[in-house]
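The values are calculated or read from the model by the stated rules, or taken from the named source; none is laboratory data. Values in this document were obtained by computation on a predicted structure and should not be read as measured data. Cβ: placed from backbone, ideal geometry, glycine included. Neighbour counts: every protein chain shown.
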Amino acid sequence: MFRFMAEAFDMGNEDNGTITVFVVFFFSFLLLLSGIVVDTGRQLYEDRQAEYEAQTAAVLGADSLSVSNLRIGNVIINPAKAIKNAENYMQSTGHPGLAWIKNGIVYTEVTYVIPSIFISMVGINSLTVSATGSATDLYGVNSGSLIQ
């Protein structure tokens, strides 16, 4: 009697494990997709931070005016001091970068690598972050001087 019931409810063995394979692939895909979202979101955040660092360094460099030229009324950037100030700021943030001056404009570039968290599972172990900034001082010192 039990054999008859077992044969009546036997669906066959060809479908055993099909759902398990589907579930494994589905959750692997979801894990990979969430990893891509997390890692690209982190890279976007780091890009914004690098832009802030590069732009701030450029402004600090552009603020390095030549004192002797200011005394005669010219607004000219002191190149050596500007590059030094910009690169020192980038060094202080932990992401050393480059600074240069062209036509009175201070340019900066920050590039660094961040490790990936989830997408390292597919072989992408790091992501590159890069940003540039530029600034110039148009007006020099406008107010606040007590020397006449």
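Going by the conditions given, is Asp47 charged (D, E, K, R), modelled with pLDDT under 90, within 37 Å of the chain's Cα centre (by Cα) and under 25 Å from Ala99 (Cβ atoms)? For Asp47, the condition - charged (D, E, K, R), modelled with pLDDT under 90, within 37 Å of the chain's Cα centre (by Cα) and under 25 Å from Ala99 (Cβ atoms) - is not met. Among what's in segment 87-110 and is touching a Pro at 6+ places or on another chain (Cβ under 9 Å) and closer than 17 Å to Gln49 by Cα, pick the residue that is surrounded by the most Cβ atoms within 10 Å (Cβ to Cβ). Filtering first and then ranking leaves Met90.
Counting the residues of segment 77-95 that are touching a residue at least 12 places away in the same chain (Cβ under 8 Å) and more than 18 Å from Leu65 (Cβ to Cβ) gives 3.
With the condition kept exactly as written, say whether any residue in segment 77-92 is in contact with a Ser or Thr (Cβ under 8 Å, 6 or more places away or on another chain) and not in a helix (DSSP H, G or I). The answer is yes, given that some residue of segment 77-92 is in contact with a Ser or Thr (Cβ under 8 Å, 6 or more places away or on another chain) and not in a helix (DSSP H, G or I).
Would you check if Asp47 is touching a strand residue (DSSP E or B) at 6+ places or on another chain (Cβ under 7 Å) and either surrounded by 14 or more Cβ atoms within 10 Å (Cβ to Cβ) or on the phi > 0 side of the Ramachandran plot (or both)? So Asp47 fits the description; yes.
Cβ-Cβ contacts under 8 Å between residues 6 or more apart (or on different chains), taken from a first residue in segment 28-53 that is of a type in the set (Ser, Thr, Tyr) to a second residue that is at pLDDT below 90 and surrounded by 13 or more Cβ atoms within 10 Å (Cβ to Cβ), are listed as Ser34/Phe118.
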